[in-house]
Amino acid sequence: MADGTTTTTTTFAPAATEKNSPPLAAQRSSDNASGGGPLAGESSEFEERRADLEKQKAAEGSAHFHRLGWKRLTIVLIVEAIALGSLSLPAAFATLGMVAGVICCIGLGLVAIYTSHIVGEVKIKFPDVAHYADAGRLLMGKFGYELVGAMFVLQLTFLVGSHCLTGTIAFNSITDNGACSVVFGVVSAIILLALAIPPSFAEVAILGYIDFASILAAVGITIVATGVKAGSADGGLAAVNWSAWPKEDVTFTDGFIAITNIVFAYSFSMCQFSFMDEMHTPRDYVKSIWALGIIEIGIYTLTGALVYAFVGVDVQSPSLLSAGGLVAKIAFGVALPVIFISGSINTTVVGRYLHGRYYKDSLLRFINTPRGWATWLVVISVITLAAFVIAEVIPFFSDLLSISSSLFVSGFTFYLPAMMWFKLLRKGSWYARENIVKSLANGFCFFIGIAVLVCGTYASIVDIVSLPLLFWALAPASH
């Protein structure tokens with residue numbers, strides 16, 4: 001009996017451990033019992049080939065999404081940042097006055113560069129942070145991940161909605177056919193969707209040069225046209241009704257909406273985690289944010305100041321409308337690339353976040369298989385549809401930017417980076433000699449963010465509620 005037992009054990013041990021693969025042995029035993037022995041080898045080879053193919057696809061996908069250098073990152077940031085913001089600034093200057101407008105443009109721009117630097121430092125210290133929501137997890141755990149993730153999705157969807165609305169305004173201005181606002185909105189949404197199909201930011205960078213040239217040309221045409229128009233009017237430039245100080249009848253609501261429109265212009269740090277995740281040398285981000293910041297401050301300050309000085313308190317938002325007549329049509333035509341390219345990159349960013357989150361452990365996340373492409377197209381289509389609805393529900397350019405800035409950009413650009421420094425980057429006590437300056441600076445950034453969040457949201461709601469119901473009904477056509 002003892003010998004029999006030993007023999008039995010010896011007989012089954014090799015089968016159970018063959019090639020160190022118990023599941024394969026069990027499958028082989030089952031196949032042998034049913035007379036399917038030859039298929040076992042074929043199945044094994046198939047599984048091996050499939051595993052090799054998945055590894056190859058994963059390697060290709062990873063390489064495809066790590067092609068950004070600092071120069072391309074700068075272009076991608078320009079695409080994401082310098083667009084709608086510059087179109088709202090002259091109207092903000094008209095409310096705040098020339099002095100306060102210039103101070104806010106330069107001051108908030110420098111603060112945005114600093115907080116963007118903090119975001120970059122967090123990415124370097126925590127390489128696994130792929131999107132802003134991941135930083136929320138570091139700050140507040142699972143709750144922070146969900147909260148910041150929701151803010152991230154809503155803000156980017158609002159941005160796409162803003163671009164959809166601007167596209168509608170542009171087509172209305174070009175064609176002088178206000179009755180087709182909904183149709184133009186649909187056309188704008190379709191264009192935004194088509195440009196968002198490439199999932200890699202390195203591919204977007206190629207379009208970035210067209211985007212940057214487009215906004216420079218559009219703004220340049222507007223500045224020159226308004227300047228020529230003001231110079232040829234009775235009294236010349238001296239007769240333009242602009243002021244160094246805020247308007248006499250400016251309300252708290254009007255003032256804060258103007259400030260939030262400037263805040264909106266400096267929202268580039270929001271997508272920085274997502275962009276840096278594709279960099280092959282993430283530490284080069286410093287070059288990108290300083291290059292972008294200086295370019296932004298220059299364009300925004302000059303655009304806001306010059307157009308306001310040439311048009312006066314009656315400047316419109318977006319500012320391209322102030323060029324008037326044929327020139328406005330030309331300016332909007334030239335601005336079409338920036339309207340849609342800059343809008344589509346926001347769809348790509350939020351799509352990458354949602355798609356990557358849902359397919360985190362799947363090969364589909366690399367979007368290089370038929371199923372991966374199918375799921376990607378579904379995600380960006382849903383985002384674009386939501387943005388289109390937002391553009392139709394809130395058809396007021398400044399108020400849409402103001403709500404977006406108050407609720408979300410206040411956090412992404414100001415108080416969340418300040419919290420990151422205090423919790424994730426600070427070494428030692430906040431009042432230590434080496435920390436006191438940064439502690440005060442980040443405390444100031446936190447205060448700015450909370451002030452914009454509370455006061456800006458209140459001002460936006462009050463302003464929208466005060467609009468006549470008839471204007472709500474006619475707003476799309478009025479553009």
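The values are calculated or read from the model by the stated rules, or taken from the named source; none is laboratory data. This is a predicted model, so every value here is computed, not measured. Every residue, glycine among them, receives a Cβ derived from its backbone with ideal geometry; neighbour counts consider all protein chains shown. Please note that ligands, DNA and RNA were not included when accessible areas were found on the heavy atoms of the full protein model with its side chains. Shrake-Rupley method; radii C 1.70, N 1.55, O 1.52, S 1.80 Å.
Can you find a residue in segment 257-268 that is more than 20 Å from L96 (Cα to Cα) and part of a helix (DSSP H, G or I)? So far as segment 257-268 goes, yes, one or more of its residues are more than 20 Å from L96 (Cα to Cα) and part of a helix (DSSP H, G or I). Residues considered: A91, A81, A130. Of these, the only one that is in contact with a Phe, Trp or Tyr (Cβ under 7 Å, 6 or more places away or on another chain), at pLDDT 90 or above and of a type in the set (G, A, S) is A130. Scanning segment 156-207 for residues that are more than 25 Å from V393 (Cβ to Cβ), surrounded by 22 or more Cβ atoms within 10 Å (Cβ to Cβ) and modelled with pLDDT under 85 gives F201, V204, A205.
Within the set of pairs 6 or more residues apart or between chains, which connect a residue that is without any contact (Cβ under 8 Å) to a residue 12 or more places away in the chain inside segment 109-138 to a residue that is outside any loop (DSSP other than H, G, I, E, B) and among the small types (G, A, S) with Cβ atoms less than 7 Å apart? The qualifying pairs are R137/G144.
Looking at the structure I just gave you, is L154 over 18 Å from the mean Cα position of the chain (by Cα), farther than 26 Å from L326 by Cα and among the aliphatic types (A, V, I, L, M)?
For L154, the condition - over 18 Å from the mean Cα position of the chain (by Cα), farther than 26 Å from L326 by Cα and among the aliphatic types (A, V, I, L, M) - is not met.
Reported count of residues in segment 426-479, each being at pLDDT 90 or above and part of a loop (DSSP other than H, G, I, E, B), is 10.
Return yes or no: is F143 free of Cβ contacts under 8 Å to residues at least 24 places away in the same chain and crowded, with 22+ Cβ neighbours inside 10 Å?
It is false that F143 is free of Cβ contacts under 8 Å to residues at least 24 places away in the same chain and crowded, with 22+ Cβ neighbours inside 10 Å.
Of the residues contained in segment 331-351, none is found to be out of contact with any His (no Cβ under 7 Å at 6 or more places or on another chain) and open to solvent by 50 Å² or more (accessible area, probe 1.4 Å).
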